[in-house]
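The values are calculated or read from the model by the stated rules, or taken from the named source; none is laboratory data. Only a predicted model underlies this, so the values are computations on that prediction, with no experimental measurement involved. Backbone-built Cβ (ideal geometry, glycine too); neighbour counts: all protein chains shown. For accessibility, only protein heavy atoms count, side chains too; no ligands or nucleic acids. Shrake-Rupley method; radii C 1.70, N 1.55, O 1.52, S 1.80 Å.
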Amino acid sequence: MKLSHQNTNGFLLGLLLCCFHTIKAQNTTKDSITQLDEVVLIQDAIPKKATGITSSSKIAAQTFERFNPTDIPSAINQISGVYILSGAINTNRITIRGIGARTPYGTNKLRMYFNGIPVTNGTGSSTIEAYDFENLGAVEVIKGPKATAYGANLGGAILLDTKASLQDKTQLINSFTMGSYNMLKDNLTFSHSEDGFDLSFSYNHLETDGFRQNSQFQRDGLLLNTQFRTGQKSSMALLVNYIDYTAHIPSSINQTDFEEDPTRAAANWLAAQGYEANKYILTGLSYTYQFSESLQNTTSVFYTYLDHYEPRPFNILDEFTNGFGLRSRFKGNWGKADFTFGGEYYKDEYHWGTFENLYEENDGNGSLQGTQLSDNTEFRRQFNLFGTLTYPIITLLSAQVGLNLNKTHYDFRDLFNQGESNASAKRNFDAILLPNLGLNYQLKNGDIYANMSRGFSNPSLEETLTPDGIINPDIAQETGVNYELGAEWILFNKRLSTNLALYRMNVKNLLVAQRVGEDQYIGRNAGKTRHQGLELDVQYRGKISQAIRFSPYLSYTLNDHSFVDFVDGDNDYSGNPLTGVPKHRLSSGIDFRHTNGLQLNLTHQFVGEIPMTDANSISSDSFNVFHAKLGFRTAISSHVNLGLNAGINNIFDSNYAQSVLINAFGFGGAQPRYYYPGNGRNYFGGLQLNYVF
C-alpha cells in the first residue's frame, strides 16, 4: 500500500463520511439490549478480562500518554515482571518473569490476543509491532500460566484491546507527531457510536531514518473495528488489521562499536543493506449470543496472512504464512458459581525458502538474490480446550479451579531435496493437561490471593529441527508449575494503590536454542530452571492545590532466576543466574495535571546488569534512562478539541543496551555482537485535532 499520506487521508475521510451517512440512515430502530462487549471507561478503574479471581495487570490511556506514540516498549515496561528488550521498532522480545529471555529474536512462550482473537502463530511466535500504539485502548498482561482460557503458556498471555468509540458520538481525530531522526507519524481515526452500532476506522503512517546506520523504517496501516446488534440477544463484531512495512536492519554490534559509536550498524548488514519487508493482515468475525441472564457465548472465526521478505548477509529468506482458526467461549453463572468453558483451534501453513545473497558481487548496491538453497513447508495446528469454575466458599473467600488441554502437531515437508536427502517428517506432541487452582480472600480495602498452576511452551520452528533440517523426534515441550501469593489494596481514601506478588516457577525440559551458524539454531532440552521473584506496583494520587493534581508511582521487579540443572557438553552451568534477565528493574515517575488542561509526565527506568552468556562471563552494564513529556489540551469550540505535546527521550543521553543477544559468537575471529544500542537523546512534538460531529 504505497499511497501518498495526503491523498490517502483525503480518500479515507470521504469514504468514512459516506459510510457514516449510510449507516445513520439504516440504524433508526432502537431497543433496550445491553452492550455485550467490554468498554474501557476510565484510566484508573479499568475492567479486566482475566477470568474469575486470576490476577493480571492492565495499562491504558494514562500510561500511554506518558510516552512518544512510537514507543510501546516503554509503556509496557511500566508493568512489573514484564520486560520488552527492543532492538528496533520491528525487533522486540517480550519476557514475562524470565520466560522467553533465551529466545534469540522475537517473542514466544506466551499467547497474544487482539480484541479477543488469537494472533500468536503455530509455533508460539507473537509480534506486538504489528499494531499501532495509538490504536490501542488497553493492554492486559496475565503473568504466568494462570489463565486457562488464554492458553496456559509458561509466559502467560497479553490481551490487546482497541480504543472504544465515544458512546453516542461521531468524531474525527487526527494525531500528528514529528521528531528526531526525521521521524514522522500520523494517525487518522473516524469513529461513530449510536444505539446498537459502533464503528472505528483508522489509517496510520510512520516513517523514520532511525538512530543507527541502516535503520530506516516505514509503515502504513489500516484498522477497521465495528460492532453491531443483530437482535435483542445477539451482536456481531468485525475486525480487520492490515500493515505494510519495510524496516532496515542494523543488527547487533560488538562491545567496541557499542562504546565508541552506538550509531554503527553491523558491517555485514550494512554492506548487504539488510532489511525486512512485511505485509500482514488479520481478519476476525465474532458473534455473541445471550442465551439467558446466566449464559452467553462468543464465537470467533479468523484468518491471518503474513508475506515476509528478508535479505540477510548470509542468505535471503522469502516466506509467507496462511493461518486460520476458530475460538468459542461460553461464560455464565450457575447458582453461586461463575464459569467459563470453550475451545480454540488454530492452524497455519508456513512456506519458506532461502536463496544466496550475492551482495558482495553487487557493486555496493546491497542485496542481490541468487540461487535457491531450500524450499520448505510446515503445517502446524494447535487445539485448546479450557474450562474454569469460580465458587464463593464463604462470603469473603472464593476458590477457582481451571483446566486446559493442549494438543500440538507439526508436519514438515522438504520440497527441495529428493531421495534419501529429503528431510520431510511429522511431530505429534502428546496431549498435555494444565490444571489451575486459585484462592481469593476479600479484605476491607483489597484482597489476598494465592494460585498454583501448570503451564507449557512449545518449541519454536528452529528448535524442532536438527542441524540437517530434520525434525528432532526427541525434542519435548517445556513444562512448569507456578506458585504465586499476592495482595492488592487501596488505602487513604483510595489515594494509594498497591499490588504485591511473590512467585516461584519450576521449569523442566528447558528449551535451549544452541547456535550452530551465523543465523542457525537448533533446539534441545537442557535441564531445569527456577524462576522466583517479587513484584511491587505502587501509585499515589494527591493534590498540590485545587487546580493541580500529582501522581507519583513506581514498579519494582526482583528476578531471582537460575539454572537448577543445566549441563552443556563439558560445561556445567547449574546454579548460574538465568541468561538474558536483569536481577533488578525499576520503573518510576510522576504525573502532574492542571485543571486548565496542562500536564507534565516525568518517567524513569532502571535496568540492572543482564548476564549475556550461560557461564555468566560477561554482563551488560546497568543503566538509568529518563524521559519527559509536556502536554496541553483545550476546547477550541463545542465541536473542536486541540491537543499539543512535546517531549525529550533519554534526557541525559545515556549510552545503554536496549536489547542484548545472549551467547553471541564471533565468527572468523570477529568480536561477538551482543549489543542493540538504545536511542540517544531525541525529541518529539505532536498535535491532535478532535472534531465531534
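At-a-glance table
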| item | result |
| --- | --- |
| Residue within segment 681-692 that is open to solvent by 60 Å² or more (accessible area, probe 1.4 Å), assigned to a strand (DSSP E or B) and under 19 Å from Gln605 (Cβ atoms) present | yes |
| Selection within segment 169-202 - outside any strand (DSSP E or B) and open to solvent by 20 Å² or more (accessible area, probe 1.4 Å) | Lys169, Ser180, Tyr181, Asn182, Asp195 |
| Pair list, Cβ under 7 Å, 6 or more apart: segment 481-492 residue among the charged types (D, E, K, R), other residue part of a loop (DSSP other than H, G, I, E, B) and open to solvent by less than 50 Å² (accessible area, probe 1.4 Å) | Glu484/Gly144 |
| Segment 412-426, residues that are loosely packed, with under 15 Cβ neighbours inside 10 Å and part of a strand (DSSP E or B) | Lys426 |
| Residue within segment 154-164 that is out of contact with any Gly (no Cβ under 8 Å at 6 or more places or on another chain) and open to solvent by 10 Å² or more (accessible area, probe 1.4 Å) present | no |
| Residues satisfying the stated conditions in segment 108-156, i.e. under 30 Å from Ser191 (Cβ atoms), touching a residue at least 60 places away in the same chain (Cβ under 8 Å) and in a strand (DSSP E or B) | Phe114, Ile117, Pro118, Leu136, Gly137, Ala138, Val139, Glu140, Val141, Ile142 |
| Residues located in segment 237-275, provided they are of a type in the set (S, T, N, Q), touching a Leu at 6+ places or on another chain (Cβ under 7 Å) and either over 24 Å from Ser659 (Cα atoms) or assigned to a strand (DSSP E or B) (or both) | Asn241 |
| Among the candidates Asn645, Asn682, residue that is more than 21 Å from Leu554 (Cα to Cα) and under 25 Å from the mean Cα position of the chain (by Cα) | Asn682 |
| Thr263 within 21 Å of the chain's Cα centre (by Cα) and touching a residue at least 24 places away in the same chain (Cβ under 8 Å) | no |
| In segment 270-285, the residues that are open to solvent by 10 Å² or more (accessible area, probe 1.4 Å) and over 26 Å from the mean Cα position of the chain (by Cα) | Leu270, Ala271, Gln273 |
| Residue within segment 650-660 that is among the aromatic types (Phe, Trp, Tyr), in a strand (DSSP E or B) and either open to solvent by 50 Å² or more (accessible area, probe 1.4 Å) or touching a Ser or Thr at 6+ places or on another chain (Cβ under 8 Å) (or both) present | no |
| Subset of segment 496-526 that is among the small types (Gly, Ala, Ser), modelled with pLDDT under 80 and in contact with a strand residue (DSSP E or B) (Cβ under 6 Å, 6 or more places away or on another chain) - its residue that is farthest from Thr613 (Cα to Cα) | Gly523 |
| Pick from segment 592-647, criterion among the aliphatic types (A, V, I, L, M) and open to solvent by 60 Å² or more (accessible area, probe 1.4 Å), ranking: nearest to Asn254 (Cα to Cα) | Leu602 |
| Gly419 being of a type outside the set (D, E, K, R), more than 30 Å from Pro311 (Cβ to Cβ) and at pLDDT below 95 | yes |
| Qualifying residue in segment 229-236 (condition: in contact with a Ser or Thr (Cβ under 9 Å, 6 or more places away or on another chain), within 30 Å of Gln688 (Cβ to Cβ), touching a residue at least 12 places away in the same chain (Cβ under 8 Å) and in a strand (DSSP E or B)) | no |
| Residues satisfying the stated conditions in segment 562-591, i.e. modelled with pLDDT of 95 or more, open to solvent by less than 20 Å² (accessible area, probe 1.4 Å), not in a loop (DSSP other than H, G, I, E, B) and not hydroxyl-bearing (Ser, Thr, Tyr) | Arg585, Gly589, Asp591 |
| Residue check, Gly196 of a type in the set (Gly, Ala, Ser) and farther than 30 Å from Ser294 by Cα | no |
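Residues are listed down the side, and each one gets a yes or a no for (1) buried (at least 20 other Cβ atoms within 10 Å of the Cβ); (2) aliphatic (A, V, I, L, M); (3) closer than 30 Å to Asn650 by Cβ:
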| position | (1), (2), (3) |
| --- | --- |
| Leu136 | yes, yes, yes |
| Ala147 | yes, yes, no |
| Ala152 | yes, yes, no |
| Asn204 | yes, no, yes |
| Glu207 | no, no, yes |
